[in-house]
Structure formats: structure tokens, C-alpha cells
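This report concerns only the one structure given below.
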Amino acid sequence: MSNENRIESAHWADQMAERIIREKGDKEMYTCASGITPSGTVHIGNFREIITVDLVVRALRQRGKKVRFIYSWDDYDVFRKVPKNMPKPEVLAQYLRKPITLVPDTTGYAENYARANEVRVEKILPTVGIFPEYLYQAERYRSNRYVKGIKTALEHRDEIRAILDEYRTEPLSKDWYPVSVFSSFTDKDTTTVLGWDGEYGITYRDDELGKTETIDFSKTPYTKLPWRIDWPMRWAEEGVDFEPGGKDHLTEGGSYDTSKKVVELFGGKAPVSMRYDFIKLKGMGGKISSSGGEVADLYDVLEIYTPEIVRYLFVGTRPNSEFAISFDLDVLKIYEDYDNCERIYFGLLPVKEQRREKERRIYELSQVDSDRIPTEPGYQVPFRHLCNLLQIYEGDVEKVIGTLKDATESQVERLRVRLVCAWNWITKYAPEEFRWALQNEGDPLVEVTDSERQALRDFRRYTEEHLDECSEKEFSEYIYKAAADNGLENPDFFRIVYLALIGKEKGPKLAGFVKVCGRDKVVEILSRY
């Protein structure tokens, strides 16, 4: 199969790119869009939309197409609820019903509440190779960029109401208007629109104060379109060709169904879309909680997964499939799956041609820099083995790297990131049985019988004399010999050895563990007996 055909058919992002070109025609520039309200932590579920768009953008660009990737911060939306665990909640509560861009950031991180959430995302996205163009809707509304769109909505008020009523159980009232107004007296959206003069004058009532005012929305920053009208207006404004949506937006009668009709009133066409499903968290252990449920953001995920593997999690799963981001033992398997994908890409793991092409494309799209695919595989060490090495060297990444003498410069760079992730996982999320530390001079000795002590001494001698020259399997025989010569059952002796070495009754597979620890460390610990 040629490279061109492989790109066209092997992955859902490529299929979507082909569909966009087919449905939107050959264009000078394609616009792909994403966006969110920064009303709280932009969590890993929100990230699914961002990376879905990024993958389609990459697929289009690899076809030689120019693409504009826009990301809208809907920071002119209303501040509806004070999130849990925010500093000074009593201060934030005073800003309810105001635009979130006017809410102060009580963490002191940024100039306002919305910006604090935006900055965190903007700083971390380059780590996973995503570089959108950011649009700030508060700035756009408040600078009167959308005056034409607001006037168009008012001119088509009856048609918009009829479209929305198709999907409502109760029709909108005859005095409904397709705009909302923030009060100039309080900045809150607790207002009722009373009339429109046919040009730019809107009369509204502040329902809290009982005051009435007429404003010119072409010169004042208080008027905004509601979501189901705002979304299609911006499709037309930006000429959006592709924008995915969560299943709440793309279910029958959801905002996509209404928006694809409303957009025509603004002179535009609905973008190609696709539905993405929700993401669950597995193994967080209640570490992070917000609004009654677990929440993890991209920072949390990058603590335990390298950037390439974060991408891999999403690249290898169709957007409309639900899946879990795991923080438990599944982490080991995910690293193994990625390593297998890499081995297939470099021809180190023979598979059938169809799977090879699929895995090769997944590997390409998983890389942070689409123009710099690695020219050699990473240093293929099982994640669990790295965890053991790190615990031997008490989390010292550079010491661990120093033991892997055959790693190339390119491999060391990637290995360093993986080691940091492994240490984070061990210290924050790994089950207790995975955690241990080698005993040292200050730790209490294990109480042993005379025969157990002699078995430990024999084992120490075998380690000193034979460990370096033996394979793991060959050295296992010396462990069994030390037990048998002193009348001990293998399980009982293994228990004593683990207690002597790490202070626990169980641990990593013993022969391999001793080889990883090295002769000198093991002999030093056992010399205490």
C-alpha cells in the first residue's frame, strides 16, 4: 500500500479530513474550530475535543491543505456557580450572574477568573504539540465585533424562534428576543429585553433593581447572543468547516440540530461535525474532586504519561467511544501497548500488513512534533522495571539513566521524561504492594531462626560469587539451593529475603530483582545477617 493511500484510509482523522474536503470543496483555507467556557478546571474530557480537532488539522495539512485551527474561549458566558475548593468563595459569590471575565481570580494566578483557567491550558497545550489560534469572546463582544450578527438575529427573530420551538416541549413566548443583556447597572444578566427599535436600540429591564434602560448595542458592551444563536453566528463569522461536539450537543434536538438551521439565517453553512464521547477516570483514588466528582486535567495526566502517550490514548480510540484515563495498574499496560506500537512502526515486531499500517499511522499521529518523527525507537524498558530501578536509586533519575549504558542520546531524552512519570506514578498512584525501599543500616533487622540466618548467608555468598555471571533463570537455582540446604520451603525463604531486602513480605520477582539491584547493594544489606 502506498504512503498516500495509507494516509487516506488508515485512521479516523484521515477519513474525516477526506470528508471535509469532499463536502466543503477545494478551498484555499480550511477552518477547524473548538472551544469551551472557562468556568472552571478545563479537564481531560474537554481536552478530548481539542485533540480531536488537532488530529483532523494534522490530517488536512498532511494533504497539503492550509488550515486555520481556532480555539474560542467563551469567557463572556455567565458565572453561574462557585466551584468547590476555590479560595475566598464568599468573594466569588458576589459575582454570580456576571460574565466570568469580570470575576476576580481569588488564587492570584491571573487578572481575572476566566483568564486563570485559560492561561493554564494555553501554557500546557504546546507540551502535547497543539498550537491553536485563541479567540476571546468577551473581548470580541465587548469591542462590538458582532454587531452585525446581533442585528441579523433580531431581524430573524420569528424564524429563529420557530426553529428552536421545533425541539421544545413548550414554545417560546411571543415576546422572546434572541439576545440577552448584561445590566449596565450591575453587570448581571438578570434582565428582561422589552423591545428593539429595528436598528441598534434595545430596551431592557434590570429585574433586580426594577430599572429600565435603552442602549445602543453598536456602541455598548452589554449585549450577547444566547448559545444556540451565538454558536451558528460564529460559524458564519469564521467560516468554520469542521467542529466536533460532545454527545450532549449532537444528540437529536441538541444545539447542533438547531444551529445548523440557524446558521443559514446568518448566510453560512453548518460545519462538518462528529460526536465525541465522555471520558472516565480510573484509579484516581479520590485525589482530585470538584462539584461532587473526580476531575483531572492535562497537568494531572502528564504527571504519569509522557506527551506521546497522552496523544496515543486519544489517537488510538475513535472519538465516539467512551474510555477511561487510568491512574491504576492499567498504566503498565498502556505503556506496554505504546511500546508495541513503536516496535511495529520500526519493524521490530512482525504483524500482518493491515495492522502494521494501522499502528504506523497511530504512532505518527501520537508524536508531539508531526515534522520530527523519531528515527529510532525509544529505549524499550518495561514501565514496571523502570519503577523498580527508580526505587533502588530512591527516585534519582540521572542515576538510573547512568545504569543504562547502551541508551543513545535520542533515547535518553525520551527516557528521562518517562522516568519522571514512573516516579510520579509510584509515589502518588501505585498500589502499596508496588512500593518499597531497600533496607539500610538504620532499619531494624528481621527476626530469623538460626537456619534462616544461615540460608541468608548462603544466599549472600551465592550473590557475591555468581550473580554477575548468571542469567536470571540460572541464578534462581542458587536461591532454591540456599533454601533447600537449610531445610526451608521456597515460599518461606522468599519471604525472609524480601523482609531482609525491602522490609516487606512480598516484592518484585526475586531473581530478576536481585540482578537489578546489583551484587554490591544486595551483599551489603545481607551482610547485616
Longer than 25 Å from Cα to Cα, which of K333/K521; K148/K211; K65/K269; K473/K521 are they? Say none if no pair is.
K333/K521; K148/K211
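With a ≥ b ≥ c the root eigenvalues of the C-alpha gyration tensor of region 444-529, is it rounded (a/c under 1.5), prolate (a/b larger than b/c) or oblate?
Details: a/c = 1.42, a/b = 1.24, b/c = 1.15.
It comes out rounded by the Cα gyration axes.
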Carbon + sulfur, % of accessible area of region 282-422 - ligands and nucleic acids excluded, 1.4 Å
48 percent
Could you go through region 377-389 in sequence order and give the Karplus-derived ³J(HN,Hα) for each residue, using 6.51 cos²θ - 1.76 cosθ + 1.60 with θ = phi - 60°, rounded to whole Hz, and x for Gly and Pro?
x, x, 6, 7, 10, x, 4, 5, 5, 4, 4, 5, 4
Is it possible to state the helix-based mean residue ellipticity at 222 nm for the chain, with each DSSP H run of 4+ residues giving -39500 (n - 2.57), the sum divided by total residues, to the nearest 500 deg cm²/dmol? What is it?
-14000 deg cm²/dmol
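Test of the criteria: in region 322-431, which trypsin sites (Lys or Arg not before Pro) are in a DSSP loop and have at most 11 other Cβ atoms within 10 angstrom of their Cβ?
Passing both the DSSP loop test and the Cβ count: K352, R372, K405.
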If you stretched the chain out fully between S321 and L404, how much longer would it get, using 0.36 nm times the residue separation minus the C-alpha to C-alpha distance?
26.0 nm
With a bin width of 20 angstrom, please list the P(r) values of the chain as percents of all Cα-Cα pairs, from the 0 bin to the one holding the largest distance.
18, 41, 26, 12, 3, 0
Per residue of region 411-418, in order, report the coupling 6.51 cos²θ - 1.76 cosθ + 1.60 (Karplus, θ = phi - 60°) as ³J(HN,Hα) in whole Hz, putting x for Gly and Pro.
5, 4, 4, 6, 5, 4, 5, 5
Over the heavy atoms of Y256, what accessible area does a 1.4 Å probe trace out, to the nearest 10 Å²?
40 Å²
Counting as exposed only GluC sites (Glu not before Pro) in DSSP loop states with no more than 13 other Cβ atoms inside 10 Å, the longest exposed-site-free span of the chain is 29-110
In this structure, the FRET efficiency calculated for A93 and V448 from their beta-carbon separation, with R0 = 60 Å, to the nearest 0.05, is 0.45
Relative contact order %, region 1-130, counting alpha carbon pairs below 8 Å whose residues are six or more apart
23 percent
Distance histogram for region 129-279 (every C-alpha pair counted, 10 angstrom bins, percent rounded to whole numbers):
10, 36, 35, 16, 2, 0
How far is helix 330-345 tilted, in degrees, relative to the longest principal axis of the Cα atoms in the chain, given as a value from 0 to 90 rounded to the nearest 10?
90 degrees
Using only Cα atoms, what Kirkwood radius does region 377-520 have, in angstroms?
16.4 Å
Accessible-area order (highest first, 1.4 angstrom probe) of the listed residues V301, V351:
V351, V301
Regression test value, accessible area per residue of the chain, probe 1.4 Å, units Å², expected 47 Å²
Mean separation of Cα contacts under 8 Å, 6 or more apart, over the residue count of region 409-529: relative contact order %:
34 percent
Please list, by residue number, every one of the trypsin sites (Lys or Arg not before Pro) in region 82-185 that is coil in DSSP and has at most 14 other beta-carbon atoms within 10 Å.
K84, R145, R168, K174
Amide H within-cut-off set for N144, under 5 Å, with H built and near neighbours excluded:
none
Under 5 Å from the placed amide H of T37, counting only residues 5+ away or on other chains, we find D74
Reduced Cα scattering model of region 30-123, Debye log10 I(q)/I(0), q = 0.12, 0.15, 0.17 Å⁻¹:
-0.45, -0.63, -0.74
Below 8 Å between Cα atoms, with a sequence gap of 6+, how large is the relative contact order for region 350-437 in percent?
29 percent
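The values are calculated or read from the model by the stated rules, or taken from the named source; none is laboratory data. In this text the structure is predicted, and so the values were computed from the model without any measurement. Cβ atoms come from the backbone with ideal geometry, glycine included; neighbour counts cover every protein chain shown. In case anyone asks, the SASA skips ligands and DNA or RNA and just uses the protein heavy atoms, side chains included. Shrake-Rupley method; radii C 1.70, N 1.55, O 1.52, S 1.80 Å.
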